[in-house]
Amino acid sequence: MNPSFLRPLALLAAAAAPAAVSAHVTLPPGGATAGDSYAAAFRVGHACTGARSTTGITVRIPEGFSVQKAEPRPGWTLATAPDSVSWRADSAQAALPAAERAEFVVRGKLTSKPGTLWFKVLQTCDVGNADWAEVAAAATDKPAFPAVRLDVLAPGVAAVEVRDAWVRLAVKGQSGTGAFMTLAAPSGARLVGISTPVAALAEIHEMKMEGDVMRMRAVAGGLELPPRQPVELKPGGHHVMLMDLKKALVVGETVPMTLEFVDGAGRKGVARVDVPVRAAAAGEGGAASAPHRH
Ligand SMILES: [Cu+2]
């Protein structure tokens with residue numbers, strides 16, 4: 001596999017992160033594979049400015065996505081056209097309160113050409129509306145009402161967002177350490193392999209109580225990532241175990257890591273990340289930061 005071909009993924013992970021925390025209309029970060037069926041789950045996180053509720057959502061469908069089916073929402077009227085899908089609340093009671101989040105889902109087929117698709121979404125409220133329709137010209141642009149971005153990835157690039165990754169420091173002579181991260185696969189995937197130049201072997205581990213002893217062991221068959229449900233690898237839970245370390249891992253350096261995934265159709269995809277070395281997780285106590293052993 002050509003490494004330069006994989007390079008855009010790191011950029012994608014960085015670019016997608018801010019969208020996940022803002023309260024705009026968004027799709028789950030992580031992208032989708034070109035040519036695939038894709039469930040576009042538009043997340044509406046708040047009502048229009050000064051409004052009490054959202055009463056309607058209209059998604060304008062860009063070229064490169066052909067709608068197959070939109071999911072109905074109880075109490076709302078669904079209308080589907082080739083170039084738009086809309087949901088409208090039938091009553092004030094059915095409207096989406098400002099404090100609640102909801103997903104509006106459109107299933108369709110993606111273009112076979114990798115690139116970026118922009119879905120423009122008109123949100124109507126009890127008072128006013130918000131048109132999420134501005135396309136960012138550059139990654140640094142922060143429009144007030146951004147259109148919803150979808151990264152359409154080449155086959156071989158994992159449609160998985162890797163965020164908050166870190167690896168625990170290791171002193172010279174130490175044989176193993178753990179790596180932790182949050183993985184989000186919008187269409188679902190399975191983490192099946194990890195490799196890094198700093199360790200001869202890397203495994204996915206789980207923690208299991210055996211009697212009253214907590215033990216860790218390799219996860220058979222890989223780690224399942226359900227669609228649109230981020231999975232956290234953390235100390236005391238699932239983690240990546242780096243074994244037979246070839247060097248000390250010092251706080252401040254980064255460790256290149258290649259994660260291999262299999263999607264629902266059995267195709268392999270790869271994510272390459274540079275993972276910072278840290279002493280402990282945020283808020284983690286001193287005792288827990290001792291390197292765990294096998
Ligand atoms: Cu382990």
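The values are calculated or read from the model by the stated rules, or taken from the named source; none is laboratory data. Worth saying up front: this structure is predicted, and the values here are computed from it rather than measured. Cβ: placed from backbone, ideal geometry, glycine included. Neighbour counts: every protein chain shown. All accessible areas refer to the heavy atoms of the entire protein, side chains included, with ligands and DNA or RNA removed. Shrake-Rupley method; radii C 1.70, N 1.55, O 1.52, S 1.80 Å.
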Test set (1) within 16 Å of the ligand (Cβ to nearest atom); (2) touching a Phe, Trp or Tyr at 6+ places or on another chain (Cβ under 8 Å) - residue 276 fails condition number | (1)
For residues that are out of contact with any strand residue (DSSP E or B) (no Cβ under 6 Å at 6 or more places or on another chain) and farther than 16 Å from residue 40 by Cα, scanning just region 108-128, find the one that is most open to solvent (accessible area, probe 1.4 Å).
-> 113
Determine whether residue 106 is at pLDDT 95 or above, in a strand (DSSP E or B) and farther than 27 Å from residue 262 by Cα.
-> no
Unmet criterion (only one of (1) assigned to a loop (DSSP other than H, G, I, E, B); (2) within 16 Å of the ligand (Cβ to nearest atom)) for residue 252 | (2)
Where a residue in region 173-184 is β-branched (Val, Ile, Thr) and its partner, wherever it lies, is within 14 Å of the ligand (Cβ to nearest atom) and in a loop (DSSP other than H, G, I, E, B), with Cβ under 7 Å and at least six apart = 177/291
Verdict on residue 138 being modelled with pLDDT under 95, under 22 Å from the mean Cα position of the chain (by Cα) and open to solvent by less than 70 Å² (accessible area, probe 1.4 Å) = yes
Being among the hydrophobic types (A, V, I, L, M, F, W, C), open to solvent by 40 Å² or more (accessible area, probe 1.4 Å) and modelled with pLDDT of 95 or more is the filter; apply it to region 250-292 and report the residue that is nearest to the chain's Cα centre (by Cα).
-> 251
What single numbered condition from (1) within 23 Å of residue 157 (Cβ to Cβ); (2) touching a Lys or Arg at 6+ places or on another chain (Cβ under 7 Å) fails to hold for residue 83?
-> (1)
